[in-house]
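Colleague: For reference, the structure I am asking about is given below.
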Amino acid sequence: MKPKVLVTREVFDEVLAYLQEALEVESNQDDLALSSEELRRRLSDKDGVMCALTDRIDAGLVAACPRLKAVCNIAVGYNNIDVAACSARDIVVTNTPGVLDETTADLVWALMLATARRLTEAEAYLRNGQWTGWYLKQILGTDVHHATLGIVGMGRIGQMIARRALGFEMEVIYHNRSPLGPAIEAPLKARYVGMDELLARADFVVLQVPYSSATRHLIGAAELARMKSSAILINAARGGVVDDAALIDALGRGVIRAAGLDVFENEPKLDPGFLALKNVVLAPHIGSSTRVTRLAMAMTAARNLVAAMTGEIPPNRVNPK
Ligand code: DGY
């Protein structure tokens, strides 16, 4: 008998075919969002699950699924999973590190450029038929080249964002739990600074930290007030790292110049305050969303699940025994 697994969201056909070779798969190819009750019902007789950040795998769900042995997230972040509750039951938890780093760094750069050069605002102006001709002070933006980039969280993605900044001849400063050392810093021309210095000096503050109780509201009213009034905040990491209400207030009052956001505190619900602002570029959590990368993420999660279900050690276990 093959182990029984649930795939909670639509995945690419090749991923499904790979899973079906080794496992009995119930999949949600219609991609209808599963309520927590539905998730609990469907998972109650399963040995494993391939899930996404839209699924809350909490202690209550774990308790209701006595056969569950593996939770394989299609994401590098796994703040949707109660890892402690899983570990207590010796349930394997895996993520998808590595495969989405370059793609996410690209999106961060897309947000930086679009926000600095007011691209979405400019496009709306055209689409609304407001353009009557060239003039000198038209939609004045902010230069990205030679500006100071401040990266908060200098893991793999942070380092890739910094590498792209070399071409723009930016000054790169970063803050991290600890300095990375010259072997990593020198080729990136990046310098470790304290959080206060980063907030005070950076023209672009880019957040690249995972969400946890320690990083919740890392950027709130006080931190926004420490930034330059010309500065731009970019968050493609996790909603909740920024206090959205404080950011909306700061953007409205010109405390900072603008923000580029791919993630939100209560996503998919968007604080309507954002929609009323011109100085924010908004994206619906698409940081890793290219076909190649989303396929690689799903395949990585699938390999983790098959390994866990067939007695192998999954390559990307986040809660080692
Ligand atoms: C991740 O991998 O954590 C991303 O946010 C998913 O797109």
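Colleague: Which order, highest average first, do 177-186, 207-216 follow once you tally other Cβ atoms within 10 Å for each residue and take the mean per peptide?
Modeller: On the way: 177-186: 11.1, 207-216: 16.7.
Going by the mean number of other Cβ atoms within 10 Å, highest first, we get 207-216, 177-186.
Colleague: Using heavy-atom solvent-accessible surface (probe 1.4 Å) with all chains present, what is the largest-first order of 139, 232?
Modeller: Accessible-area ranking of 139, 232, largest first: 139, 232.
Colleague: Checking the table 2/46; 69/321; 46/321; 46/69; 228/269; 2/69 against a 19 Å threshold on Cα-Cα, which pairs fail?
Modeller: Working: 2/46 11 Å; 69/321 13 Å; 46/321 21 Å; 46/69 9 Å; 228/269 29 Å; 2/69 14 Å.
Over 19 Å Cα-Cα: 46/321; 228/269.
Colleague: What whole-number value in Å² describes the accessible area per residue of the stretch 28-171 for a 1.4 Å probe? Write down the numbers at each step before the final one.
Modeller: Values: 6930 Å² over 144 residues.
On a per-residue basis, 48 Å².
Colleague: log10 I(q)/I(0), Debye, Cα-only the chain, no solvent, q = 0.11, 0.13, 0.16 Å⁻¹?
Modeller: One equal scatterer on each Cα of the chain leads to -0.75, -0.98, -1.27.
Colleague: Now for a separate question. On full extension of the chain, what length is gained from residue 135 through residue 282, given 0.36 nm per residue of separation minus the C-alpha to C-alpha distance? Mind showing how you got there, number by number?
Modeller: Details: separation 147, 0.36 × 147 = 52.92 nm, distance 2.69 nm.
Once the chain is fully extended between residue 135 and residue 282, it gains 50.2 nm.
Colleague: Report the one residue of 309, 298, 149 whose Cα lies farthest in the direction of the positive end of the charge dipole of the chain (charges on C-beta: Lys and Arg +1, Asp and Glu -1; origin at the Cα centre).
Modeller: Positive-most Cα among the choices belongs to 149.
Colleague: Let me ask something else about it. Using a Gaussian network model of the chain with C-alpha springs under 10 Å, which one of 275, 113, 149 is most mobile by mean-square fluctuation?
Modeller: 275
Colleague: Might you report the magnitude of the Cβ-based charge dipole of the stretch 83-192 about its Cα centre, with Lys and Arg at +1 and Asp and Glu at -1, to the nearest 20 debye? The partial results should precede the final answer.
Modeller: Working: 11 positive and 10 negative charges, 28 e Å.
It comes to approximately 140 debye.
Colleague: On to the next question. Quick one: among 290, 104, 300, which has the greatest mean-square fluctuation in a GNM of the chain with alpha-carbon springs under 10 angstrom?
Modeller: Highest fluctuation among the options: 290.
Colleague: Per residue of the chain, what 222 nm ellipticity follows from adding -39500 (n - 2.57) for every DSSP H run with n ≥ 4, rounded to the nearest 500?
Modeller: Mean residue ellipticity, 222 nm, calculated: -10500 deg cm²/dmol.
Colleague: Per residue, what volume in Å³ does the Cα convex hull of the stretch 232-315 take up? Show your work: numbers first, answer last.
Modeller: Numbers: hull volume 9.5 nm³, N = 84.
Once divided by residue count, the hull of the stretch 232-315 is 113 Å³.
Colleague: On to the next question. What nm value, rounded to one decimal, do you get for the distance between residue 125 and residue 163 when each label is placed 7 Å out toward the C-beta?
Modeller: So the two model labels end up 3.5 nm from each other.
Colleague: State, to one decimal in nm, how far the label point of residue 14 lies from the label point of residue 270, with both points 7 Å from Cα in the Cβ direction.
Modeller: 3.2 nm
Colleague: Hey, another quick one. With charges set only on the Cβ (+1 for Lys and Arg, -1 for Asp and Glu), what does the dipole of the chain come to about its Cα centre, in debye to the nearest 20? Spell out each step's value before the answer.
Modeller: Working: 35 positive and 37 negative charges, 90 e Å.
Dipole magnitude for the chain comes out near 440 debye.
Colleague: Mind pulling the angle between the C-alpha long axis of helix 156-167 and the longest principal axis of the chain? Nearest 10 degrees, somewhere in 0 to 90.
Modeller: 30 degrees
Colleague: Give the aspartates and glutamates whose C-alpha is closer than 14 Å to that of residue 4, dropping any in the same chain fewer than 8 places away, or say none.
Modeller: Correct list for residue 4: 21, 24, 26, 45, 47.
Colleague: Report, to the nearest whole %, how much of the accessible area of the chain belongs to carbon and sulfur atoms, 1.4 Å probe, protein only.
Modeller: Details: 8480 of 15410 Å².
Of all accessible area on the chain, carbon and sulfur atoms account for 55 percent.
Colleague: Can you list the HN-Hα couplings for the stretch 249-261, worked out from phi with the Karplus curve (6.51, -1.76, 1.60; θ = phi - 60°), rounded to whole Hz and with x for Gly and Pro?
Modeller: Result, ordered by residue: 4, 5, 5, x, 9, x, 5, 10, 6, 6, 9, x, 10 Hz.
Colleague: A further question on this structure: Considering only protein heavy atoms, what is the solvent-accessible area of residue 310 at a probe of 1.4 Å, reported in Å² to the nearest 10?
Modeller: Answer for residue 310: close to 70 Å² accessible.
Colleague: List every residue whose amide H lies under 5 Å from the amide H of residue 233, counting only residues 5 or more places away in sequence or on a different chain, with H placed 1.01 Å from N in the peptide plane.
Modeller: The list, which skips near neighbours in sequence, is 205, 258, 259, 260.
Colleague: Ignoring ligands and nucleic acids, what accessible area does residue 292 show with a 1.4 Å probe (Å², nearest 10)?
Modeller: Ignoring ligands and nucleic acids, residue 292 comes out at about 120 Å².
The values are calculated or read from the model by the stated rules, or taken from the named source; none is laboratory data. Keep in mind it's a predicted model, so treat the numbers as computed, not measured. Ideal geometry is used to build each Cβ from the backbone, glycine not excepted, and the neighbour counts take in all protein chains shown. Protein only, heavy atoms only, side chains kept; ligands, DNA and RNA dropped before computing areas. Shrake-Rupley method; radii C 1.70, N 1.55, O 1.52, S 1.80 Å.
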